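Data block below; observations after.
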Amino acid sequence: MSYVYRMVNAVLAPTLAQEFGLSAGGLGLLSSVYFFSFALFQLPLGLLLDRFGPRKVNALLLLVAAAGGAWFAHAESAGAAIAARAIIGIGVSACLMASFTAFVLWYPPERIATMNGVAFSAGAVGAMTATVPLEMLLRVWPWRDAFMLIVAATLAVSLVLWLWVPEKNAQRRGDCHEQLRGSEWSGLLRGLGQLLADPAFRRIAICLGLSQFAAVALQTLWIATWLRDVAGYSQAEVARGLLAVNVAMIAGYMTFGRAADVVQRRGKSPLPLLLFGVGLSSASLLLIIVGLKSLLLWCVFVAAGTAVVLGYAILSRRYPAEMSGRANTAINVFGFVGMFSGQWGIGLVLDLWPPSATGYAAEAYPWALGMVWAAQLAGLVWLWLGRRLLKS
């Protein structure tokens, strides 16, 4: 559900821009405010997950997402739509982190990277439903009615979590629960401060944030407009292109997650896999910037970029289980601030050129893509220079 809400604006973008009178920057803000509110809620979310457990927190927050979705579907102005999109971001802010927290409590450390890959792949399935299936539905339904269908699905998932999904494994759940019962909020906050003071944490977090500044910002909105404005795709072709990109994303998550667990069972760090994947993603984006109009390169860019999420698994082995919620949500702040900044920033750059008859100026895209490519490369270099910190 989180990825459906994240991706839906890529297909709805032309309709939303026309209905609310949005420039490229306005469209970027409308879409990216989801990431901003998501990021703002990550630190309190980590405390809630460690204190009350992932199942209950996620189920209740999904009700908030449903309320935001209903407001968005009935919004009559750009301001209302932006506010509703921010509410959605808060509501789905626990989806991934609750999964990660549950995995730490249910599974041994050598399986965490694979399980994280499963969670990301499930998200990619949600993203796929917001491509061709949504485009076909919009041929017969108004977009507001289609959005209410997403709201209904959100309510259903909340009920499943609350009524059906079991609590954690009894022994591990009990151990962690007792630890959390004895923890005061001040102690939880001190643990969060220790995370932020760890230089290894900062290296991973900044690299992840700058990589997502490019990868997710593009994937969830601007790849669609590039396909339209630069490659000349029709709306149906854009939806099929996005579907291919999301299939590549699933392949990337599963491949890197499985490979990371294999190397960790051999006593080695998955850090080289992370560095290789982000490097390949950066190289693919550079080829697109210099003029190669290739959907395959976009697929490689997204698939290889998924390697950066191995940072979650690397950090989960560095800290005790009772800190898993805070560790995952703290690094997530950096990721989602990057997504928000990249998505909005790309729109602002595109606005520097007069729009074309069908969309945004094709000559603006190399500059917009070059901006996020430089950020992604800087994050990769930053992590490479501090790689020895992650061995301590």
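Just how large is the dipole of the chain about the Cα centre, in debye to the nearest 20, putting +1 at every Lys and Arg Cβ and -1 at every Asp and Glu Cβ?
On the way: 28 positive and 17 negative charges, 265 e Å.
Taking the Cα centre of the chain as origin, the dipole is about 1280 debye.
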Protection proxy ranking of 15-25, 137-147 - average other beta-carbon atoms within 10 Å, highest first: 15-25, 137-147
In degrees rounded to 10, the 0-90 angle between helix 78-91 Cα long axis and the longest Cα principal axis of the chain is 30
Between 0 and 90°, nearest 10: helix 95-106 axis offset from the chain longest Cα axis: 30
Inverse mean reciprocal Cα-Cα distance (Kirkwood Rh) of region 17-161, Å: 16.4
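Provide the per residue accessible area, probe 1.4 Å, for the chain, rounded to a whole number of square angstrom. Let's see the in-between values first.
Working: 15390 Å² over 392 residues.
For the chain, the solvent-accessible area averages 39 Å² per residue.
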Can you show me the helix-derived [θ] at 222 nm for the chain, built from DSSP H runs with n ≥ 4 at -39,500 (n - 2.57) apiece and divided by the number of residues, rounded to the nearest 500. -26000 deg cm²/dmol
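What per residue convex hull volume, in Å³, comes out for region 1-94 when only alpha-carbon positions are used? Numbers along the way, then the final one.
On the way: hull volume 7.1 nm³, N = 94.
Per residue, the Cα convex hull of region 1-94 comes to 76 Å³.
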Low-density loop cleavage sites - chymotrypsin sites (Phe, Trp or Tyr not before Pro) in region 303-392, where at most 15 other Cβ are within 10 Å (DSSP): none
Cα-based Rg (one decimal) and Dmax (whole number) for the chain, in Å? 20.1, 63
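How much of the accessible area of the chain, probe 1.4 Å, is carbon plus sulfur, in whole percent?
Values: 10440 of 15390 Å².
Ligands and nucleic acids excluded, carbon and sulfur give 68 percent.
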Placing +1 on the Cβ of each Lys and Arg and -1 on the Cβ of each Asp and Glu in the chain, which of Leu27, Leu385, Leu137 has its Cα farthest towards the positive end of the resulting dipole? Leu385
What do you get for the angle between helix 143-163 and the principal long axis of the chain? Use alpha-carbon atoms, 0 to 90 degrees, nearest ten. 10
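Cα-based Rg of region 118-163 per 2.2 N^0.38 Å, rounded to two decimals? Before the final figure, lay out the partial values.
Values: Rg = 12.3 Å, N = 46, 2.2 N^0.38 = 9.4 Å.
Against the compact-globule rule of thumb, the ratio is 1.31.
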Can you give me the Cα centroid spacing of region 319-385 and region 22-79 in angstrom? 19
If you project the alpha carbons of region 276-392 onto the principal axes, what extent comes out on each, in Å, largest first? 56, 24, 23
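The values are calculated or read from the model by the stated rules, or taken from the named source; none is laboratory data. Since the model is a prediction, treat every value here as computed from it, not as a measurement. Glycine also receives a Cβ, built like all others from the backbone with ideal geometry; neighbour counts cover every protein chain displayed. Note: accessible area is taken over every heavy atom of the protein model, side chains too, but ligands, DNA and RNA are not part of it. Shrake-Rupley method; radii C 1.70, N 1.55, O 1.52, S 1.80 Å.
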